[in-house]
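Visitor: Below: one structure in structure tokens.
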Amino acid sequence: MKLKKYNLFGVQYSVVDSDTFNKIILEKATERKSFGVSMIDLKKLLTKKNGEIVKKINNIDLVLPTSKIIKRALNSFYHLRSKENISSEEVLNQIMAIAHLNNLNVYLFGSTKNNLTKVCNYLNQNFPFLNVVGVYVEKYLDFVDDERVEDIERINHSAANIVLVGKESGNLDAWIANHVGKIHSVLVSAGPAFKNFFENGNGLDTPLKITIQFKIQNFLYKTSKLFQNLLTGFYSYLRFYLLFFKHRFFIRSPL
């Protein structure tokens, strides 16, 4: 699915509804395709003076306008008529619910040891069916010298479906942009929501409240994949038998 981009002050945003977002994340995560997700708020937008950083951010697959002001500006400039406002906390909540309901592997990269311990406790308590397959403490990591082979190999070997990046400092969006295509997971810029959502326990809906919605979406997704595989297999068998009958009955042997 190719996402349409909307330029606002140099940043290329994608405006998607919750259903489309869930479908994209589920597909990319289950297939372990490298895919970047960023949530740029208004404060970040106004302070992005470095053109090189903005260029890197635009390499991220899905940049979400989680600020209401940015969403209104996009609606005004491009006549989108989008009424759904998704905060960064809601985005994290949806991603963790997807991981929970599909038993996906989650890797926690960045932040302090204390914060990451709280994150693990929160996930184990509220999303018990997701699997935390790795935790890496890295408080100060600048995006300029971020492409360390050992980090890439460590995350890839963990078989993580989703990587939450929640560094305390440095530009985590640029870090994600540099690693899209190198790490085979959905890379999520937790940003300012990381501390608020996990450390302070300000999650929104519990998994029990959204289980039915995600199970229906998951069922529809898997059913469509099943039918796609069946049709592909049927076409292959049909083609084989048509070629067989053609050579058996309509093509005479030269002998």
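Every number in this text was worked out from the coordinates using simple rules, so none of it is lab data. Everything numeric in this text was worked out from a predicted model, so none of it was measured. Every residue, glycine as well, gets a Cβ built from its backbone with ideal geometry; the counts of neighbours run over all protein chains shown.
Visitor: Put a dot 7 Å past each Cα toward the Cβ at Asn7 and Lys33; how far apart are the dots in nm?
Guide: Distance between the two pseudo-spin positions: 2.6 nm.
Visitor: Of the peptides 60-67, 9-16, 100-107, how do they stack up when ordered by the mean number of other Cβ atoms within 10 Å, highest first?
Guide: On the way: 60-67: 22.5, 9-16: 17.8, 100-107: 20.8.
Ranked from most to least packed, the peptides come out as 60-67, 100-107, 9-16.
Visitor: For Asn75 and Leu242, FRET efficiency with R0 = 51 Å and r from the beta-carbon atoms, rounded to 0.05? Provide the component values of the computation, followed by the final result.
Guide: Working: r = 53 Å, r/R0 = 1.03.
Efficiency, from the Cβ-Cβ distance: 0.45.
Visitor: Contour minus end-to-end for Tyr136 and Val149, with contour as 0.36 nm per residue of separation and end-to-end as the Cα-Cα distance? It would help to have the intermediate numbers written out before the result.
Guide: Values: separation 13, 0.36 × 13 = 4.68 nm, distance 1.43 nm.
Working it through step by step, the gained length comes to 3.2 nm.
Visitor: For the pairs Lys5/Lys68; Lys28/Lys55; Lys33/Lys113; Lys28/Lys68, flag any whose C-alpha to C-alpha distance is greater than 25 Å.
Guide: Details: Lys5/Lys68 18 Å; Lys28/Lys55 23 Å; Lys33/Lys113 28 Å; Lys28/Lys68 27 Å.
Long pairs (Cα-Cα over 25 Å): Lys33/Lys113; Lys28/Lys68.
Visitor: Under a point spin-label approximation (7 Å from Cα along Cα-to-Cβ), what is the Ala159-Ser82 distance to one decimal in nm?
Guide: 3.5
Visitor: Can you tell me the FRET efficiency between Tyr235 and Asn103 if r is taken as the Cβ-Cβ distance and R0 is 41 Å, rounded to the nearest 0.05?
Guide: Values: r = 31 Å, r/R0 = 0.77.
For R0 = 41 Å, the calculated efficiency reads 0.85.
Visitor: What full-extension length gain, to one decimal in nm, is calculated for Lys182 and Asn124 as 0.36 nm per residue of separation minus the Cα-Cα distance?
Guide: 18.1 nm
Visitor: Which order results if Arg72, Arg154 are arranged by neighbouring Cβ count within 10 Å, fewest first?
Guide: Details: Arg72 13, Arg154 16.
Lowest count first: Arg72, Arg154.
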